[in-house]
Amino acid sequence: MRLAFCGNDNASAYNITAGVLRNVCFVDALNLVPHVFLLFITFPILFIGWGSQSSKVQIHHNTWLHFPGHNLRWILTFTLLFVHVCEIAEGIVSDTQMKSRHLHLFLPAIMGFVAATVSIVYYHNIETSNFPKLLLALFLYWIMAFVTKTIKLVRYCQDGVSFSQLRFCITGIMVILYGLLMAVEINVIRVRRYVFFMNPQKVKPPEDLQDLGVRFLQPFVNLLSKATYWWMNTLIISAHKKPVDLKAIGKLPIAMRALTNYVCLKEAYEEQKKKVADQPNRRPSIWLAMYSAFGRPILLSSTFRYLADLLGFAGPLCISGIVQGFQNTTHSTNTTEKDPSNSYLSSEEFLRNVYVLAVLLFLALILQRTFLQASYYVTTETGINLRGALLAMIYDKILRLSTSNLSMGEMTLGQINNLVAIETNQLMWFLFLCPNLWAMPVQIIMGVILLYNLLGMSALVGAAVIVLLAPIQYFIATKLAEAQKSTLDYSTERLKKTNEILKGIKLLKLYAWEHIFCKSVEETRMKELTSLKTFALHTSLSIFMNAAIPIAAVLATFVTYAYINDKPLQPAQAFASLSLFHILVTPLFLLSTVVRFAVKAIISVQKLNEFLLSDEIGDDSWRGGENSVAYESCKKHTGLHTKAINRRQPLRYQLENYEQSSRRQTRPVETDDIAIKVTNGYFSWGSGLATLSNINIRIPTGQMTMIVGQVGCGKSSLLLAILGEMQTLEGKVHWSNVNETEPSFEASRSKNRYSVAYAAQKPWLLNATVEENIIFGSPFNKQRYKAVTDACSLQPDIDLLPFGDQTEIGERGINLSGGQRQRICVARALYQNTNVVFLDDPFSALDIHLSDHLMQEGILKFLQEDKRTLVLVTHKLQYLPHADWIIAMKDGMVLREGTLKDIQNNDVELYEHWKTLMNRQDQELEKDMETDQTTLERKTLRRAMYPRESKAQLEDEDEEEEEEEDEDDNMSTVLRLRTKMPWKTCWRYLTSGGFFLLFLMIFSKLLKHSVIVAIDYWLATWTSMDNANDLRNPDDDRSTEKTYHVAVFSILSGAGIVLCLITSLTVEWMGLTAAKNLHHNLLNKIILGPIRFFDMTPLGLILNRFSADTNIIDQHIPPTLESLTRSTLLCLSAIGMISYATPWFLVALVPLGIAFYFIQKYFRVASKDLQELDDSTQLPLLCHFSETAEGLTTIRAFRHESRFKQRMLELTDTNNIAYLFLSAANRWLEVRTDYLGACIVLTAAITSITEGPNSGFVGLGLLYALTITNYLNWVVRNLADLEVQMGAVKKVHSFLNMESENYDGYLDPSQVPKDWPQEGEIKIENLCVRYENNLKPVLKHVKAYIKPGQKVGICGRTGSGKSSLSLAFFRMVDIFDGRIVIDGIDISKLPLHTLRSRLSIILQDPILFSGSIRFNLDPECKCTDDRLWEALEIAQLKNMVKSLPGGLDAMVTEGGENFSVGQRQLFCLARAFVRKSSILIMDEATASIDMATENILQKVVMTAFADRTVVTIAHRVHTILTADLVIVMKRGNILEYDTPENLLSQEDGIFASFVRADM
């Protein structure tokens, strides 16, 4: 057959007698001209690409879209492309009905399609290269296309073609589109004036795009890239090469920064406040504020959502059409050929074509998915913006909270933390889900209407089933939340217990009490597991409902249909309705969740409102205008880089120094040299009762004022009142600075002048390095820093820290002791360059040497030299002579004020009282000189640091070796590791639940999915059979057959529902068993671990396994696993089903499968990194909030609010950008998997139409293809989640491979005499000890003999092996040579438990556990009360315990915090006495107690333990002068071994030198 443009079956086709334009063929040819013209012009330009070299504005992102009407043009072009596709299809369908090929029907349309595509590519390239003159080509194209199409339309009108003809409609639409595009083009010329005008408009790219740090391009890219997240490709592919870090994701665009949104929301909220200002009982509505600030994007998102939902219904309708069409073609094969002159199709005929429907289905799916993802993205972005704004609002409020609110407990820190961590997230989630609230009801109503149309009344039965079962879903969801809460309570309790065990592990091992404590943790764990069981049950019920409801609904519908209607069920109806049911279930299942979130959000908003309306601190205008400054500085330093802030600092300080020097001269003029004056002050803590009354004081400038008085007389309150933290009832505080210069803008810029360096009584540290804590935002000055650290004697402490002053301290950093923290706070106050310094009892936690040093160096020298005004609150009266001015207080009033001389002359009584107190303090001082608290603190610090450090060194060496190896291997191995799923860990996890359950789970899952497939298969055969039988069978056969079909269908459905329940239960059950076993093994492994392990591993690391990781294993892995297996099996069964119906589908599947593999591979890696980033950026933010709330007074005194606010904004933005990228990555994945799904649907449709066996199977194939689109992205996301969650299992397993201590001895416990050791005779023979078999020995060939009942002292420098010897008695260390024989039994032969339970030890650090006193003395509950009281009496504690409520059952708080250190040590002594063993070892037991307690201890040891063998390891030599035998050790060897008298007589002996040094 020859091809001809107008076909060769009609002679009149080329006839132009009636005029050229009357010939249809010629008009179609004319339509080709503009398209060809465009292609000829644009191709050379695109190929040469010379536009890109002449870029006017250099800009690093080629995403700058600056031509007006940009989005409109993209939308119009896409519409144009769609219409072109319709035109091509119409042409081809018309052509199939002709005798010969008529190219003119579709060729111009195809060319038009190509031209439209080229036009948008061309436009995009011109826009990004910014060369607008080239747009003229497009302008000409639109005009020509518009003209030619109009000619065609006019021609149709003349021929009298009506609207019912499709071709007429298409041409009409095209004329409109070309006209609009032409208008857009004219608009660009009008605005940019690039041609026809003299002065073209100059444009500048937006600020974000000029900033190289902004990597989040979603707001700036073109529409296509926006819809498909094309710009994310670079990030996701680069994640494969190297992990994504904060640098890779850059910073937030300005419009999304917390500050921008905060300003928006704040203004809206203030508006609301104004509205209700005159109505006292109404509160400003946060909802309205949120709506006015973020309403527009939510409306946009809802619009997208509606569009997507409506397009979603195209699926079922197309299926119905295709199956119907397929059925018709099989029944009637004869098609009539049409007369060429009447070649116009009507829309109905066009839409009856099966292939057209398949393409339409494909396009509808693509569009629906694009709109859906766009809706998700917009809500996510808005949610993140809202969260940023709310966090900033909360923070701003925290900075202005009145102190009384925090101290009187109206607003606890916990509440504030909840607001930040929970309530803001609740609101954010609500925003994510809120479009569902109004989209879902519409979706449900639409679905029911369509069902009714398809099936009539029986559809309503199915819908009723769904609607009735939906409330049960809601009920289950609420139950779930309850179960989760109780689980949380138990796990908190379990963590507390675990934490105690880990802190006191050494003591537990030495006393052989591990198992008792282990049991108590196991008990709590059992309770936790019980509530986890209910949680799991409800989860599985919820999953079951979700899977079973559609089956039940379908069953009800089709059975009803079979019995109500006479006509058999058509495949078209069946599969369209099945597909509709699938669509309906999702919103109903989600609706319960959304409603729950809405309820939570309402509560959150109430809490937020209460917080935002709570009391604020009074406006203290007397200290300079701070509020104006905060905004200025914030606006200047937006952005993540602190460098930018530091660069601006020096200038401010120069300015300040200049001002200060100019002020120095004006000093004498000031009134009496007074810095602060309080007149007639009455101050309260918000209760209305005056805490301080009638205060009249003055604080002289540049001098030292001391405030003294008893505990609780209001000294600290006075400082806070002066700082403006208390409520002023009457009177005023007058700061002299303000008078002397008006606070002009400059002055308020150098805020430090009004700021007060303040060190609170309770030290407050930031989570930062030591240096940052001291500098606190001032510029670093080395000499000043050194002077301050020396004055506070911090240098020795800093030297002990692993990274010197760059070590992190604070909540998440290293724990410092009270004294060390206090000294850092004092150092911070001294370092700041302020005129006024307030120190609130800086000596309270310091020992006497440090106090003196601080007084001399820091206060008298450093502060007085600078002539700074100092106010010092103190109890140490011996410093009074140094004071220039003294304020004595009593009961919230000022008792006396003046110099020491004044008081000596005027108030002799007070002076005498002070003198006696001073004498008493001096005596204490002498006593104190012997105990030196600081060295002790340093010692504890060293003990905490060094094991870690040695570990760190070991690890570093390992890492270096590994790195070297890695470099020999190439990068590929690392990449392989990053992309590999942790299958091994998964297998470990699955098997830890037991093989039976694993088998049951796999079996039931497979069975369930086979049954579900069988249900649909049966439906397909049933409907197809019915239609075949329809033509032949009489009625009676039909009814029996119907009964048979319905019966099988019902049985299968019932089985399916039961199996759904079984599978969801087995998965959860298996998860629970696995969680139970993993935790049990972990706990037992850790408790039995060698002590060395605890020295090497930081406590936090072990605790993390029990908290975060256990939580993931308990609650997160089972649902993820369930979801993953379900979606995977669904996809597999779908692919199987389609391939069964049409084997050709498998061929098309290969490229799709490859694409899918790569998408998931790249996504998993990037997603994991982004998830980690999101987690790691969240913690600092929460910590910053709680830190601020704790240190409010300090921050406000220093006037550093704006700096902290800036930090908060940075942290929020960092977290938000991570979260934003994470959700963008999810969208990236979903768009891609959805498009793949659409391709699967298209291929399935095409293959089944061409190859399908019967209409039922065509429907089945399409139905399954549609489900794939829903589940593909779940497969990948669950895989990614599982990969992250398996990390927890991996970490737990890494501890499970640890060596345990060897608990079994050679002797059976029954062979050991009951009362061994009776005598207490100890022989140490050639003992060699090391901590681990790869370390050097710590004791070398030690020999000693201790007679029964002897008192032995062991001394030596730190690290000489004294403590190792004491541990060797308990086999806590590795004895690799020699032996210790006690009462004739070699201890290495004993079972560990027996050995340790028969000896007693008192450790250096007194450890008490939370519980009763009885439990602390005797956890095994073996002793009578008399025995316990006897022990307490010996330890001199009897009277104290008697006075406590409950006596022996009085509670001990965690760590024994409710007793002093001395009392705790005495409890430990009592504990050792309760255990009647004949050998007692005291390991530096007197190191941490005062003289008085030590004397008690010594006495007790001499009397109560007279007949027992006591080995004392001495901290101070004088404690062992009375011993029977002294052993002096050095470097693991015994140097001297004799009685103390003999050793002292050797003048040059080591012991003698020790004693001399100690005197």
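The values are calculated or read from the model by the stated rules, or taken from the named source; none is laboratory data. Everything numeric in this text was worked out from a predicted model, so none of it was measured. Glycine gets a Cβ as well: all are built from the backbone with ideal geometry, and neighbour counts include every protein chain shown. Heavy atoms of the whole protein, side chains included, go into the accessibility calculation; ligands, DNA and RNA do not. Shrake-Rupley method; radii C 1.70, N 1.55, O 1.52, S 1.80 Å.
Within the shell of other residues whose beta carbon sits under 12 angstrom from the beta carbon of Ala481, the net charge comes to +3, with Lys and Arg scored +1 and Asp and Glu -1. Proximity of backbone amide H atoms, modeled 1.01 Å from N, is registered between Ile1401 and Ile1481 at under 5 Å, excluding neighbours fewer than 5 places apart on the same chain.
Bridging of Lys867 to lysines at a Cα separation below 21 Å is possible for Lys677, Lys751, Lys782, Lys786, once same-chain residues fewer than 8 apart are set aside. By a straight-distance test (C-alpha under 30 Å), which lysines pair with Lys149 as possible cross-link partners, with residues fewer than eight away in the same chain excluded? Hits, sequence-local ones excluded: Lys99, Lys133, Lys338. The phi-based Karplus calculation (6.51 cos²θ - 1.76 cosθ + 1.60; θ = phi - 60°) puts the 3J(HN,Hα) values of the range 1197-1204 at 5, 6, 6, 10, 4, 5, 5, 5 Hz, whole numbers, x for Gly and Pro.
Relative to the longest principal axis of the Cα atoms of the chain, helix 782-791 runs at roughly 50 degrees.
With both labels modelled 7 Å from their Cα along Cα-to-Cβ, the His240 to Ser1388 distance reads 5.8 nm. For the chain, take the longest principal axis of its alpha carbons; what is the angle in degrees between that and the long axis of helix 818-831, to the nearest 10 within 0 to 90? Roughly 80 degrees between the two axes. To put it simply, the accessible area of the range 1270-1334 at a 1.4 Å probe is 43 percent carbon and sulfur. The count of lysine pairs in the range 236-285 with alpha-carbon distances below 24 Å, taking only pairs 8 or more places apart or on different chains, stands at 5. Using the Cβ-Cβ distance between Arg1556 and Gln1311 with R0 set to 45 Å, the FRET efficiency from 1/(1 + (r/R0)^6) comes to roughly 0.35. In order along the range 763-773, the Karplus-derived 3J(HN,Hα) couplings, from 6.51 cos²θ - 1.76 cosθ + 1.60 at θ = phi - 60°, round to x, 10, 10, 8, 6, 7, 6, 4, 4, 5, 5 Hz, and Gly and Pro are given as x. Over the chain, dividing the summed -39,500 (n - 2.57) contributions of all DSSP H runs of at least 4 residues by the number of residues returns a 222 nm mean residue ellipticity of -21500 deg cm²/dmol. Ligands, DNA and RNA aside, Cys1239 has an accessible area near 40 Å² when probed at 1.4 Å.
Counting only alpha carbon atoms, the long axis of helix 514-564 and the longest principal axis of the chain meet at about 10°.
For Met545, the solvent-accessible surface computed with a 1.4 Å probe is close to 20 Å², ligands and nucleic acids excluded. Karplus-based coupling profile of the range 484-490, in residue order and whole Hz: 5, 5, 5, 4, 4, 4, 5, with θ = phi - 60° in 6.51 cos²θ - 1.76 cosθ + 1.60 and x standing for Gly or Pro. Around the amide H of Val756, modelled in the peptide plane, lie the amide H atoms of Phe1198, Arg1199, all under 5 Å away and 5 or more residues distant in sequence or on another chain. Holding the Cα-Cα limit at 30 Å, pick out from Lys503/Lys980; Lys509/Lys1422; Lys1323/Lys1476 the pairs that are longer than that. Table pairs above 30 Å Cα-Cα are Lys503/Lys980. Taken per residue, the accessible surface of the chain reaches 44 Å², heavy atoms only and a 1.4 Å probe. The lysines within cross-link reach of Lys762, meaning a Cα-to-Cα straight distance under 19 Å and a gap of 8 or more places when in the same chain, are Lys715, Lys876.
Separation of the alpha carbons by more than 21 angstrom is noted, of Lys497/Lys1438; Lys485/Lys1076; Lys527/Lys607, for Lys497/Lys1438; Lys527/Lys607.
Of the GluC sites (Glu not before Pro) found in the range 1390-1481, those that fall in a DSSP loop while having at most 14 other beta-carbon atoms within 10 Å are Glu1420, Glu1457.
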